[in-house]
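K.L.:
Take a look at this one; I'll ask things after.
The values are calculated or read from the model by the stated rules, or taken from the named source; none is laboratory data. Nothing here was measured: the structure is a model prediction, and the numbers come from that model. Don't worry about glycine lacking a Cβ; one is built from the backbone with ideal geometry, like all the others, and counts go over all protein chains shown.
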Amino acid sequence: MGKARDGLRRHELIVLRKRLDDIAPITFAGRLEVADIEPDDLRDLAAFNRRRCDSRATARFAADRARGYAGFVARLDGDVAGFYWWADHDHPHLEPLGIRLGDRDVYGFDFYVAPEHRGDGHAVEFLHGIETRLRERGYDRVWGYVRSDNRPARWLYAMRGYESVGEVHLRLGRMR
């Protein structure tokens, strides 16, 4: 990602897709609790966002819930370890990414695992939990994107069976 002459950032994104009838099992004992984000979780997520110095995320989460988007929270021993948001209807990212959701498709966005929970299988475990729960809700495919320069995330998605279905080069101030 680089800064363009017009002051906007150039985003090089890889569009991903995964069929949810092909969810690879995890081969270790999971420790995360993965649950739907409920209104009561927003207080804990706000504290989590303060710790990671992302003051805008809390307002964004409230706005996402108001738009009808849903999310999952991962907890380890009761403490927030990460979050993931998804939508099965209109989302502002879909058109720029060239994604058209089908009836049983979902778009996943804003996937975050705290740095202290990376590298020990928690991201794999969380993504497995997300995929399983989406399949249980009757969805067939999940769509998303990853920045081309985010090698750890690209590796995670490839390991979980996501396929690259295109690249998008955007000039934006922000995706939101």
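K.L.:
Quick one: in the range 13-57, which of the residues that are of a type in the set (D, E, K, R) and within 17 Å of Ala158 (Cβ to Cβ) is surrounded by the fewest Cβ atoms within 10 Å (Cβ to Cβ)?
P.N.:
Taking the candidates together, the pick is Asp22.
K.L.:
Now a separate question. Residues of the range 14-40 being charged (D, E, K, R) and either more than 18 Å from the chain's Cα centre (by Cα) or modelled with pLDDT of 95 or more (or both), which ones?
P.N.:
Within the range 14-40, Arg17, Lys18, Arg19, Asp21, Asp22, Arg31, Glu33, Asp36, Asp40 qualify.
K.L.:
Also, quick follow-up: Among the residues of the range 94-152, how many are over 22 Å from Arg51 (Cβ atoms), free of Cβ contacts under 8 Å to residues at least 60 places away in the same chain and of a type in the set (Asp, Glu)?
P.N.:
Adding up the residues that qualify gives 4.
K.L.:
For the condition in contact with a His (Cβ under 6 Å, 6 or more places away or on another chain) and part of a strand (DSSP E or B), what is the one hit in Ala81, Ala74?
P.N.:
None of the others qualify; the one that does is Ala81.
K.L.:
When residues of the range 98-127 are filtered for being among the hydrophobic types (A, V, I, L, M, F, W, C), farther than 14 Å from Ala29 by Cα and in a helix (DSSP H, G or I), how many remain?
P.N.:
1
K.L.:
Looking at (1) closer than 23 Å to His128 by Cα; (2) more than 16 Å from the chain's Cα centre (by Cα); (3) touching a residue at least 60 places away in the same chain (Cβ under 8 Å), which is the one condition that is false for His11?
P.N.:
If we test His11 against (1) closer than 23 Å to His128 by Cα; (2) more than 16 Å from the chain's Cα centre (by Cα); (3) touching a residue at least 60 places away in the same chain (Cβ under 8 Å), just (1) comes out false.
Yes or no, residue by residue, for (1) assigned to a loop (DSSP other than H, G, I, E, B); (2) closer than 15 Å to Asp110 by Cα:
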site	(1), (2)
Asp22	yes, no
Thr27	yes, no
Ala35	no, no
Leu45	no, yes
Ala59	no, yes
Trp86	no, yes
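K.L.:
Taking the residues in the range 120-136 that are of a type outside the set (D, E, K, R) and out of contact with any Phe, Trp or Tyr (no Cβ under 9 Å at 6 or more places or on another chain) as candidates, determine which candidate is farthest from Ala81 (Cα to Cα).
P.N.:
Thr132
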